[in-house]
1. Test residue 132 against the stated conditions and say whether it is touching a helix residue (DSSP H, G or I) at 6+ places or on another chain (Cβ under 6 Å), in contact (Cβ under 8 Å) with a residue 60 or more places away in the chain and surrounded by fewer than 21 Cβ atoms within 10 Å (Cβ to Cβ).
2. Which of the strands (runs of 3 or more DSSP E) found entirely inside region 362-470 contain at least 1 residues meeting this: surrounded by fewer than 18 Cβ atoms within 10 Å (Cβ to Cβ) and at pLDDT 95 or above?
3. Is at least one residue of region 273-296 assigned to a loop (DSSP other than H, G, I, E, B), surrounded by fewer than 21 Cβ atoms within 10 Å (Cβ to Cβ), under 19 Å from the mean Cα position of the chain (by Cα) and modelled with pLDDT of 95 or more?
4. What do you reckon, is residue 340 in contact with a strand residue (DSSP E or B) (Cβ under 7 Å, 6 or more places away or on another chain), at pLDDT below 95, crowded, with 18+ Cβ neighbours inside 10 Å and in a strand (DSSP E or B)?
5. Restricting the search to region 27-46, which residues are in a loop (DSSP other than H, G, I, E, B) and more than 14 Å from residue 198 (Cα to Cα)?
6. Would you confirm, using the coordinates I've provided, whether residue 359 is at pLDDT 95 or above and either in a loop (DSSP other than H, G, I, E, B) or in contact with a strand residue (DSSP E or B) (Cβ under 8 Å, 6 or more places away or on another chain) (or both)?
7. Within region 140-151, take every residue that is touching a residue at least 24 places away in the same chain (Cβ under 8 Å) and outside any loop (DSSP other than H, G, I, E, B) and give me the one that is surrounded by the most Cβ atoms within 10 Å (Cβ to Cβ).
8. For residue 369, indicate whether it is in contact with a helix residue (DSSP H, G or I) (Cβ under 8 Å, 6 or more places away or on another chain) and over 21 Å from residue 200 (Cβ atoms).
C-alpha cells in the first residue's frame, strides 16, 4: 500500500466561492464581492461601486454559510479525513482595521470547526484565500502598502488564539505565486490600479505588484513564527498554483525559456517561503524589468525565521513553453501556456496531464525535502442532470482516478505525500470565471449563473466512487 496510514483524504473550498451571506452578521466587503459573474469566453468585471441589477456570484454562492452542517455531513459520509476551507478575513475584521475581531464571525467558524471535529475531520484552514477586505484596497491599494502586514498579523493572532487546540494545519496565502502575474493584482494582492475593469486583463504596475508580493512573504513568515509561539503543535504551510511547464521542443531556446518560466512562476515564491531567501535567479529578472524590492532591515532575517513546515499546491494541468512567438496559446488557460499536442483538454481548454502530477511531485520533493500535499486538483466540467435527477460524471471519475494513480506512483518514487483534497468537493463559484456552470464537486448544488436555484444538494456518481477510494486508502480506484 503506497499511501501512508493516516493519509489525509478530503476536499477543498474557499469562503468567497461557497459561503455567500456576503453582508450577514457584520461581514465587510471583500475584493471578491466587487467581481461580477462571467464565463470562460466573457471575463468577469471588477466594479468598485456595486451595480444595481448586476449578479455578483460571491454574494450568494452556494450558501455554505447556512448549509455547512448538511455539507460537512455529506463530506463525512464520503469518509473525509480533512476538510480544507478558508476563513473570510472580512468576517473577522470587516474593514481590516478594527482593533477587536467581530465575534459573530468567530462564532461562525467555531461552528464549522466543531462540525468537522464531530466527524473526526481535521480542519485545514487557509488564512487568506483571494479575499482581502476591499476597504484595504481603497485605503492602501492592498498589499502594495507595507502597513497591511500589521493588519494581517492582527487577524492571524485572533484566529490562532481562538482555534488553538482545535486546528492543527494552516496555510498562509492561497496560490501566492499568482502575484507574479497581472491577474494577481486584485485576485491575490488586493491591488486595483486605475483603468482596471476587466478581471482577466488588469492595468498592471510590476514594481507595485512585486513589492506587494514581498509584503506577503514577510507577512507569511511572521504568521509562521506567531503560530509556533501560540501553539507549538501548529503546522503552517505555503500554497502554490503549480503550472507544470515543459519545453515544446528540444530546441535549446525552448528549454531555456521553459526554465525561466518555471523559475518565475513555480519556484520563486516557494523558494522564499521554504528556503527563507530570495533566489539568485530573480536578481536578473528584477534588474531587467526595472523592479527594486524595498526591504526593511530585518526582512531577510524574518524570511529565514518564518520558513513553512510543509508545502501544498494546486495541480490541474500542464503547459508548454517555446521561443517561437507565433505558436498558438492554449484556450481558457489563465497561465497562458502553449498547447501540448500530446494531451487532450477539458471543456475550458485546460490540458489534462495526470503523469505531469507524478513528475511535479517528484520535482518539488527533490527540491525541498519537506512533506507535500495536493490541496487542489479536479475537473471543471458541465454536469447534466438526468431525468431521474442523477449526475453521471464518469469523466470526472476518470480524471481523478488517473491523477490518484500517479500520486501513488510518486509515493513509490519516494515522495513524502501527506494528503489529497480535490478542489470544489461541492460545486462552487469559479474563481477565474465567476460562474457556477464550471462544476468540480462530488455534490451538485442547484444554483445557476442567472442567480436562480434553491441550493438543493445532490450526490453525483463520483460521490460513491470517492467514498470507495477513501475507504480503501487509495487502493480501490475502479
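The values are calculated or read from the model by the stated rules, or taken from the named source; none is laboratory data. Fair warning: this is a prediction, and the values are worked out from it, not measured in the lab. Using ideal geometry, Cβ is built from the backbone for each residue, glycine included, and neighbour counts are taken over all protein chains shown.
1. Details: touching a helix residue (DSSP H, G or I) at 6+ places or on another chain (Cβ under 6 Å): yes; in contact (Cβ under 8 Å) with a residue 60 or more places away in the chain: yes; surrounded by fewer than 21 Cβ atoms within 10 Å (Cβ to Cβ): no.
Taking the combined requirement at face value, the residue does not satisfy it.
2. Details: elements: 372-376, 417-420, 443-445, 457-459.
The qualifying strands (runs of 3 or more DSSP E) are 457-459.
3. Quick first cut of region 273-296, residues assigned to a loop (DSSP other than H, G, I, E, B) only: 276-280, 290-296.
Within this subset, residues satisfying the condition of being surrounded by fewer than 21 Cβ atoms within 10 Å (Cβ to Cβ) are 276-280, 290-296.
Now restrict to residues that are under 19 Å from the mean Cα position of the chain (by Cα): none.
Looking through region 273-296, none of the residues is assigned to a loop (DSSP other than H, G, I, E, B), surrounded by fewer than 21 Cβ atoms within 10 Å (Cβ to Cβ), under 19 Å from the mean Cα position of the chain (by Cα) and modelled with pLDDT of 95 or more.
4. Working: in contact with a strand residue (DSSP E or B) (Cβ under 7 Å, 6 or more places away or on another chain): yes; at pLDDT below 95: yes; crowded, with 18+ Cβ neighbours inside 10 Å: yes; in a strand (DSSP E or B): no.
Spelling it out, it is not the case that residue 340 is in contact with a strand residue (DSSP E or B) (Cβ under 7 Å, 6 or more places away or on another chain), at pLDDT below 95, crowded, with 18+ Cβ neighbours inside 10 Å and in a strand (DSSP E or B).
5. From region 27-46, those in a loop (DSSP other than H, G, I, E, B) are 27-29, 36-44; that's our starting set.
Passing the criteria: 27, 28, 29.
6. Details: at pLDDT 95 or above: yes; either in a loop (DSSP other than H, G, I, E, B) or in contact with a strand residue (DSSP E or B) (Cβ under 8 Å, 6 or more places away or on another chain) (or both): yes.
Yes: the conditions hold for residue 359.
7. So in region 140-151, the residues touching a residue at least 24 places away in the same chain (Cβ under 8 Å) come out as 141-146, 148-149, 151.
In the following step, the residues that additionally are outside any loop (DSSP other than H, G, I, E, B) were identified as 142-144, 148-149, 151.
Values: 142: 26, 143: 29, 144: 24, 148: 26, 149: 20, 151: 21.
Here the residue is 143.
8. Working: in contact with a helix residue (DSSP H, G or I) (Cβ under 8 Å, 6 or more places away or on another chain): no; over 21 Å from residue 200 (Cβ atoms): yes.
No; evaluated as a whole, the condition is false for this residue.
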